[in-house]
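The values are calculated or read from the model by the stated rules, or taken from the named source; none is laboratory data. All figures in this text were calculated on a predicted structure; none of them were measured in a lab. Note: ideal-geometry Cβ built from the backbone for every residue, glycine included; neighbour counts use all protein chains shown.
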Amino acid sequence: MKETRYQVEAGADLTGADLSDTVLLKADLRNAKLVGADLTNAKMIGANLCYANLEDAILNDADLTNAEMIEANLDGALLCDANLSRVSLDSARISKANLWGVILQDSSLRFANLSGANLSGANLSRTDLSFAVLAGSNLSDTNFSGADLYKANLSDVILNGAVLAGAKLTYSNLSGTNLQGINLSGVNLSGVNLSGVNLSGVNLSGVNLSGMDLKEANLCHANLKGTKLFGANLRGSNLSGTDLQGINLSGVNLSGANLIGSNLSGAKLNGSNFFRADLSNADLSNADLSESNLTFAVLNGVSLFQANLNAATLSGANLSGATMPDGSIHD
């Protein structure tokens, strides 16, 4: 490692400085100006960089373990493969930074702004990201196991291959995000905004989605075994071809939903709203549809064999070719 010829102290102006491969253990760089500085492979373990300006700085392969970086400015910085384990980055600005492969495990990024950042392949296990803004970020193959994302903004992010096992996503915003193929089994999603989210093929087994907003979400072929959806808003959602056998959708709003070819046999659908929903060729045999609203619903070719339609509203519904509860075929 090389020695630095620069004056390294709190408030120092190190704009554009070449500090690559330097040893800056426990250095006091509070309020320092490091805009565009080259800190590649620098050893900055335990350094104090609170309120420092590191905009567009190069920190690839740097070791910042246990550093204090509260309210630091890292907008546009390069941090590929850097080690930021156990770092405090609360309220830091890290938008549009490249953090590919960065290690941020056990760190704190409460209220940090990471919008538009590249965190693909990063390790954020057990990291506190509560109230953080990650909108539009690339989070593909990112490890969020055990992370706290309470009230985090994850709208329009890329999550392909991300690991969310044991993560806390309570009241986070996932609107517009593609979660296709993600395993959310056991993840805490209470209060999460999932409207318009692509959840096709997602494993949601055992997840509690009761009372949640899932309007216009794509749940096609999602695994909903044991999923709790009581009182959820599924208006305009896509559940076509989905296995919903025995599910409890009591009181759920499914108006305008696409349920074509879905399996709802034995499902609890009492009091649910299917206004203008498309249930063509769905299996509703033995389902409880008592007091449900099926006004103007498309039910052609559906199986209602031994279904409970007590006090259900069917005005304007299309029942052509449907198998009725008594086994007869509707004209």
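Results for (1) surrounded by fewer than 21 Cβ atoms within 10 Å (Cβ to Cβ); (2) hydrophobic (A, V, I, L, M, F, W, C); (3) farther than 17 Å from ALA222 by Cβ, shown as yes or no for each residue.
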residue: ALA92; (1), (2), (3): no, yes, yes
residue: LEU114; (1), (2), (3): no, yes, yes
residue: LEU134; (1), (2), (3): no, yes, yes
residue: GLY176; (1), (2), (3): yes, no, yes
residue: ILE182; (1), (2), (3): no, yes, no
residue: GLY191; (1), (2), (3): yes, no, yes
Checking ILE260, ILE182 in turn, the sole residue that is in contact with an Asp or Glu (Cβ under 7 Å, 6 or more places away or on another chain) and either of a type outside the set (Phe, Trp, Tyr) or outside the structural domain of GLN306 (by TED's automatic domain parsing) (or both) turns out to be ILE260
SER95: in contact with a strand residue (DSSP E or B) (Cβ under 8 Å, 6 or more places away or on another chain), among the hydroxyl-bearing types (Ser, Thr, Tyr) and either under 15 Å from LEU114 (Cα atoms) or at pLDDT below 95 (or both), yes or no?
yes
In the stretch 194-215, what residues are charged (D, E, K, R) and within 13 Å of ASN248 (Cα to Cα)?
none
I need a count of the residues in the stretch 216-240 that are within 16 Å of ASN253 (Cβ to Cβ) and surrounded by fewer than 20 Cβ atoms within 10 Å (Cβ to Cβ).
5
For the stretch 261-278, what are the residues that are farther than 12 Å from ILE247 by Cβ, among the charged types (D, E, K, R) and part of a strand (DSSP E or B)?
ASP278
Scanning for something under 17 Å from SER125 (Cα atoms) and crowded, with 24+ Cβ neighbours inside 10 Å, does the stretch 33-51 turn up at least one residue?
no
Can you tell me which residues in the stretch 199-245 are assigned to a strand (DSSP E or B) and either without any contact (Cβ under 8 Å) to a residue 12 or more places away in the chain or more than 24 Å from VAL298 (Cα to Cα) (or both)?
ASN203, ASN208, ASN223, LYS228
For the stretch 47-85, which positions are more than 27 Å from the chain's Cα centre (by Cα), outside any loop (DSSP other than H, G, I, E, B) and not acidic (Asp, Glu)?
ASN48, ASN53, ILE58
